[in-house]
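Just below is one structure, and these are the notes that go with it.
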Amino acid sequence: MLAGSLPPVNRLARVLAIWAAIGLLVVAVLGVTGFVLFTRPHADPLSKADAIVVLGGENDGRLQYGLQLAEQGYAHTVVLSNAYAGNAADLADFDQACASGTPAITVVCFTPSPFTTRGEAMYVTRLAKQHHWTHVIVVSWNYHVVRARYIFHQCFDGNVTMRPVPRAYDFPPWRWAAEYAYQYAGLVKALVLGCDAG
């Protein structure tokens, strides 16, 4: 062995330590960035819009929140995305929300194709062109707001106001890690696919 060179075992240990440090650094950066992007609130101030769009998701009060915003005068049209086909109780709530239109509030219900945020944005963009909408309020989970905003801006030329569903987001760390991974992957997918609103 040459003077000053490390034995193979020490060299391997050093390489593994470097890779472990790089891995920890990547996890830390993704974690901090994930917190900033997906955990911290990103709600926009409310202002009157042409429509309130409630994205599909858990039956967590989002349907009622979208309708309440319309009742408060923020828009006369509420667009509800159907994500409840697999659950009879949730589908009943969705159907009830769809039937809750009034002379002052129009409720439009749809099932997106593709069954994704991109599909929802494409559908809303087509509606916006038909009805000459220039501003929509979009309701979704707090951790979905950044990705949904990005996708809607890809598809819709008008103003987009993002509002998180007013609910508790006190998830355990493993759930946040899963959400961060899902949202990061969704952002990459949105970047690659873009939007074809037709």
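The figures follow:
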| quantity | calculated |
| --- | --- |
| Residue in region 37-52 that is under 26 Å from S113 (Cβ atoms), part of a loop (DSSP other than H, G, I, E, B) and not aromatic (F, W, Y) present | yes |
| Per-region count, region 141-198, residues closer than 14 Å to F38 by Cβ and either among the basic types (K, R) or touching a Pro at 6+ places or on another chain (Cβ under 7 Å) (or both) | 7 |
| The listed residue being out of contact with any Phe, Trp or Tyr (no Cβ under 6 Å at 6 or more places or on another chain) and outside the structural domain of T134 (by TED's automatic domain parsing), out of P103, P45 | P45 |
| Matching residues in region 153-176 - criterion: being part of a helix (DSSP H, G or I) and touching a Gly at 6+ places or on another chain (Cβ under 8 Å) | Q154, W176 |
| All positions within region 161-176 that are surrounded by fewer than 16 Cβ atoms within 10 Å (Cβ to Cβ) and closer than 20 Å to V53 by Cβ | P166, R167 |
| Total residues in region 104-122, condition in a loop (DSSP other than H, G, I, E, B) and in contact with a His (Cβ under 7 Å, 6 or more places away or on another chain) | 2 |
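Let's see how each residue does on (1) aromatic (F, W, Y); (2) surrounded by 19 or more Cβ atoms within 10 Å (Cβ to Cβ); (3) without any contact (Cβ under 8 Å) to a residue 24 or more places away in the chain; (4) not assigned by TED's automatic domain parsing to the domain that holds Y74:
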| position | (1), (2), (3), (4) |
| --- | --- |
| F110 | yes, no, no, no |
| T125 | no, yes, no, no |
| W133 | yes, yes, no, no |
| S140 | no, yes, no, no |
| R147 | no, yes, no, no |
| H153 | no, no, yes, no |
| F156 | yes, yes, no, no |
| A178 | no, no, yes, no |
| A181 | no, no, yes, no |
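The values are calculated or read from the model by the stated rules, or taken from the named source; none is laboratory data. All of these numbers come straight from a predicted model, not from anything done at the bench. With ideal geometry, Cβ positions are generated from the backbone for all residues, glycine too; neighbour counts draw on all protein chains shown.
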